[in-house]
Amino acid sequence: ELAEVKRSVAWQLEQLRTNYIDVGFLHCLDEESDLAAYQANGVLDYVRALKKQGVIRHIGLSSHTPALVNKVLDRDIVDVVMFSINPVYDYGQGDYGIGSAAERHDLYCRCQREGVGITVMKPFSGGQLLDAAKSPFGRALTRAQCIQYALDKPGVVTVLPGFGDEKEMREV
């Protein structure tokens, strides 16, 4: 896996015709075993070395698991966290509604206190919140309501809405 990461970084630098990457993400760490694997296979040390060299300016982490994000924050590894924030997940519903509302809110506050920016993913809960028939609230929310909900959380610096297809993208 380390060799694949090295190839990917080299390819990105070449394709973007640059000598640095603003944010190098450790993606989809949801279990402690994921973090252990990144440590064991050398990816974590490699990414940290690239940051020290200035090739990666900031290290990011994407996760759905507040407890794991806290463990990574304890190790002072990341500068940015990509985390799914929406009212469905914040209140323990949906596939990625991991952690209690209090645990999730505490994570947002910790990120804000420690200067770790949160980039929000899945603000529409995979479209569920935009469809009254699928919404756990019995009514659809607007895109603006979902995005504002995420932006109002401590530590949030940006929201990536995501789209299911080109048609959805044009509707915004």
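The values are calculated or read from the model by the stated rules, or taken from the named source; none is laboratory data. Worth saying up front: this structure is predicted, and the values here are computed from it rather than measured. Note that we place each Cβ from the backbone using ideal geometry, even for glycine, and neighbour counts take in every protein chain shown. These area figures cover heavy atoms from the full protein model, side chains too; ligands, DNA and RNA do not enter into them. Shrake-Rupley method; radii C 1.70, N 1.55, O 1.52, S 1.80 Å.
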Margin query: If packing is taken as the average count of other Cβ atoms within 10 Å, what order do 77-87, 127-137 fall into, highest mean first?
Written below: 77-87, 127-137
Checklist line | Global size of the stretch 1-113 as Cα Rg and Dmax, reported in angstrom | finding: 15.2, 44
Notebook entry, point to check: Which of the lysines could a cross-linker bridge to residue 134, judged by Cα under 25 Å and excluding same-chain residues fewer than eight apart?
Noted result: 122, 153, 167
Notebook entry, point to check: Residue-wise, which Karplus ³J(HN,Hα) couplings in Hz belong to the stretch 20-26, taking 6.51 cos²θ - 1.76 cosθ + 1.60, θ = phi - 60°, and x for glycine or proline?
Noted result: 8, 10, 4, 9, x, 8, 8
Notebook entry, point to check: To the nearest 10 degrees, how steeply does helix 2-16 sit against the main Cα axis of the chain, on a 0 to 90 scale?
Noted result: 80 degrees
Next item on the list: Amide H neighbours of residue 81 under 5 Å, at least 5 residues apart or on other chains, H built in the peptide plane: list them.
Entry: 61, 117, 118, 119
Item checked: For residue 159, residues with placed amide H under 5 Å, excluding near neighbours -> 120
Notebook entry, point to check: In whole Hz, what ³J(HN,Hα) sequence does the stretch 92-100 give by Karplus (6.51, -1.76, 1.60; θ = phi - 60°), x for Gly and Pro?
Noted result: x, 10, x, 4, 10, x, 8, x, 6
Item checked: Relative contact order %, the stretch 1-154, counting alpha carbon pairs below 8 Å whose residues are six or more apart -> 17 percent
Note to self: At 222 nm, what value in deg cm²/dmol follows for the chain if DSSP H runs of at least 4 each add -39500 (n - 2.57) and the sum is divided by all its residues, to the nearest 500?
What the structure shows: -13000 deg cm²/dmol
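Give the carbon-plus-sulfur fraction of the accessible surface of the stretch 1-135 in %, rounded to a whole number; probe 1.4 Å, heavy atoms of protein chains only.
For the stretch 1-135, the apolar C and S fraction of the accessible surface comes to 49 percent.
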Item checked: Accessible area of the stretch 1-112 divided out per residue, in Å², using a probe of 1.4 angstrom -> 53 Å²
Next item on the list: On a C-alpha basis, how far is the centre of the stretch 97-167 from the centre of the stretch 14-73 in Å? Whole number, if you could?
Entry: 22 Å
Margin query: Across the stretch 58-172, what fraction of all alpha-carbon pairs, as a whole percent, falls in each successive 10 Å bin from zero upward?
Written below: 15, 47, 29, 9, 0
Next item on the list: Please give the direction-averaged projected area of the C-alpha convex hull for the stretch 6-60, in square nanometres with one decimal.
Entry: 3.7 nm²
Next item on the list: Round to the nearest 10 and give me the degree value, 0 to 90, for the angle of helix 101-114's Cα axis relative to the longest principal axis of the chain.
Entry: 40 degrees
